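Here the structure is laid out as structure tokens; the discussion comes afterwards.
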Amino acid sequence: NRNVRGFDPNATLSITSAAEAAYAARPIPEIPASQWRARGGVQFASGDARGFWNPDKNNIQPRLGFAYKVNDKTVVRGGTGVYVNPFVIAGVNQMGYSQSTPFTATQDRGLTFQSTLNNPYPRGVLQPAGNSLGPNTFLGQSLSRFAPIERHNGNLLRYLVNLQHELPGQWLFEAGYVGSRGYNLTTDIELNNVPKEYLSTSRVRDQAAIDFLGAQFPNPFRGLLPTGFTGTNVSRAQLLRPFPQFNNVPTNAHDGTSRYDSAQFKIEKRFSQGYSVLATYTRSKFTERVTMLNATDTEYENRLSGSDVPHRVTTSILYELPFGHGRRWGGGSSGVVNALLGGWSVNAIGQFQSGRPIDFGGRNAYFDGDLDALKAKYTDNTDVPVFDVSGFYFHDAAVQTNGVDDPVKQRADPRIRLANNLRYFPSRVDGIRSPFLKLWDISLVKQVPIGGRVRAQFN
């Protein structure tokens, strides 16, 4: 019974009555006293509910395939199947059995200090309480990410159809379509956001919105919490949260999706006459909906997958040099000469593929340019930006010196320091990718027969 089992948003806490009464005495204008609540907390496994979550029993994985011979040289194949990604060792969260004591220097942006380096923990160091506090665990702090009670395994529906045709000279050509659709994919969400209507929609720093959410009001938790929100005042932003007795309340959802579509081509010369060739080309697009651009969004961001590679070419070539016994030249050479000249081959493997999208992560950024014009270009000159950064800065007199853009002033410009606003800049941009991959692995191989079925190989 040491593991967290979900979160009860309606749980009554030991501080609920006192905190709600204190708020009712001095409410903020945005939330009437009748609607403000100090409720909700984690649950732990028990004798009646042993699992970390309720098991997902709907894991049916059907498969279907077919092959059709059009003629002696042409075959069409296809298939589809559902695959499940089960949770194996996951969801381990023993909040309360490991305890840190946060250092909270000030509650009012530096007007007063409640903790100093000489006395960092004036209320003492917190001790692990195990599960004895129940939903009161980690009051005044951020919860660690926990699994929801209703948890679903990720599913992937895959399907393909291709055509194989034998060309003259023992060449094989293949063309096909391969696709997949992911669903019930695990996503990260936050339950304790400042409501969206209070965040700024400005594309530049909105000081009025920052000041509005940072305004201080009487703290209804004063004297009730062991740590965290213990000062005389607390910010408006904290009081607006759904669970104001906590900082962050992160968990997972299982409604993410993904989509992969590709056209795949292959040509192969099977080994004969001393050589073989294999070459493939894949044109694909891989997108996903598994993250939110803003924690308050109701839909996931439709973005490129981190594994999206629009173009990929591979080739493998094996060529046996025509020297030595059984070859075009030197077929009748002596044993010593054959040992030197025979048994040589060259093997070359090449890979060429588009770069993967670079992830901008959770960083919000001011941008006033054309997203489609953002293209990465790599050079040996490290002083040249990989992509055009002009859209991320202002270019007016405020950031200029003698009428010329001053990079130092641009980077220090407070207008681009965003806070408490909705994000518009995407987490991935199609044109900004890692460098194009160009890779050749070439080897010269010498085979030396030792006797019977044994031979040595040197690369």
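The values are calculated or read from the model by the stated rules, or taken from the named source; none is laboratory data. Everything quoted here is computed from the prediction, not taken from an experiment. Don't worry about glycine lacking a Cβ; one is built from the backbone with ideal geometry, like all the others, and counts go over all protein chains shown. Only protein heavy atoms, including side chains, enter the accessible area calculation; ligands, DNA and RNA are left aside. Shrake-Rupley method; radii C 1.70, N 1.55, O 1.52, S 1.80 Å.
Every residue, every condition in (1) over 30 Å from VAL84 (Cα atoms); (2) among the small types (Gly, Ala, Ser); (3) touching a His at 6+ places or on another chain (Cβ under 6 Å); (4) not in a loop (DSSP other than H, G, I, E, B), yes or no:
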site: LEU156; (1), (2), (3), (4): no, no, no, yes
site: TYR159; (1), (2), (3), (4): no, no, no, yes
site: SER180; (1), (2), (3), (4): no, yes, no, yes
site: ALA209; (1), (2), (3), (4): yes, yes, no, yes
site: PHE221; (1), (2), (3), (4): yes, no, no, no
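For region 113-165, a residue qualifies if it is within 32 Å of the chain's Cα centre (by Cα) and among the charged types (D, E, K, R), and the qualifying residues are ARG145, GLU150, ARG151, ARG158. On the stretch given as region 297-318, residues that are part of a loop (DSSP other than H, G, I, E, B) and within 18 Å of the chain's Cα centre (by Cα) total 10. Within region 37-60, not a single residue is of a type in the set (Ser, Thr, Tyr) and either touching a residue at least 60 places away in the same chain (Cβ under 8 Å) or on the phi > 0 side of the Ramachandran plot (or both).
Note on region 91-107: among residues that are of a type outside the set (Val, Ile, Thr) and open to solvent by less than 40 Å² (accessible area, probe 1.4 Å), the one that is nearest to ILE149 (Cα to Cα) is GLY91. What do you reckon, is ARG259 on the phi < 0 side of the Ramachandran plot, open to solvent by 50 Å² or more (accessible area, probe 1.4 Å) and either out of contact with any Phe, Trp or Tyr (no Cβ under 7 Å at 6 or more places or on another chain) or not aromatic (Phe, Trp, Tyr) (or both)? Yes; evaluated as a whole, the condition is true for this residue. The listed residues are ARG63, ARG37, and the only one of them that is closer than 26 Å to SER144 by Cβ, at pLDDT 95 or above, of a type in the set (D, E, K, R) and out of contact with any Leu (no Cβ under 6 Å at 6 or more places or on another chain) turns out to be ARG37. Screening GLN114, GLN141, GLN127 for residues that are under 22 Å from GLY41 (Cβ atoms), outside any strand (DSSP E or B) and open to solvent by less than 80 Å² (accessible area, probe 1.4 Å) leaves exactly one candidate, GLN141. Once region 223-240 is narrowed to residues that are in contact with a Lys or Arg (Cβ under 9 Å, 6 or more places away or on another chain) and in a loop (DSSP other than H, G, I, E, B), the residue that is surrounded by the most Cβ atoms within 10 Å (Cβ to Cβ) is PHE229.
The conditions of being open to solvent by 10 Å² or more (accessible area, probe 1.4 Å), assigned to a loop (DSSP other than H, G, I, E, B) and modelled with pLDDT under 95 are not met by PHE243.
Would you mention how many residues in region 16-36 are over 20 Å from THR230 (Cβ atoms) and open to solvent by 70 Å² or more (accessible area, probe 1.4 Å)? Adding up the residues that qualify gives 3.
Taken over region 78-90, the criterion of being open to solvent by 50 Å² or more (accessible area, probe 1.4 Å) and either within 25 Å of SER180 (Cα to Cα) or in contact with a Ser or Thr (Cβ under 8 Å, 6 or more places away or on another chain) (or both) is satisfied by THR80, TYR83, ASN85, PRO86, PHE87, VAL88.
Within the set ASN192, ASN252, the sole residue that is touching a Phe, Trp or Tyr at 6+ places or on another chain (Cβ under 6 Å) and either buried (at least 18 other Cβ atoms within 10 Å of the Cβ) or under 18 Å from ASP297 (Cα atoms) (or both) turns out to be ASN192.
Within region 1-36, the set of residues being free of Cβ contacts under 8 Å to residues at least 60 places away in the same chain, among the polar types (S, T, N, Q) and farther than 18 Å from ASN192 by Cα comprises SER17, SER34.
Residue check: is VAL75 under 31 Å from the mean Cα position of the chain (by Cα), at pLDDT 95 or above and surrounded by 13 or more Cβ atoms within 10 Å (Cβ to Cβ)? The answer is no for VAL75. Does region 97-108 include one or more residues that are within 30 Å of HIS152 (Cβ to Cβ), part of a loop (DSSP other than H, G, I, E, B) and out of contact with any strand residue (DSSP E or B) (no Cβ under 8 Å at 6 or more places or on another chain)? Looking through region 97-108, at least one residue is within 30 Å of HIS152 (Cβ to Cβ), part of a loop (DSSP other than H, G, I, E, B) and out of contact with any strand residue (DSSP E or B) (no Cβ under 8 Å at 6 or more places or on another chain). Which one of the conditions (1) in a loop (DSSP other than H, G, I, E, B); (2) open to solvent by 70 Å² or more (accessible area, probe 1.4 Å) does PHE173 fail to meet, given that it meets all the rest? So the condition that PHE173 fails would be (1).
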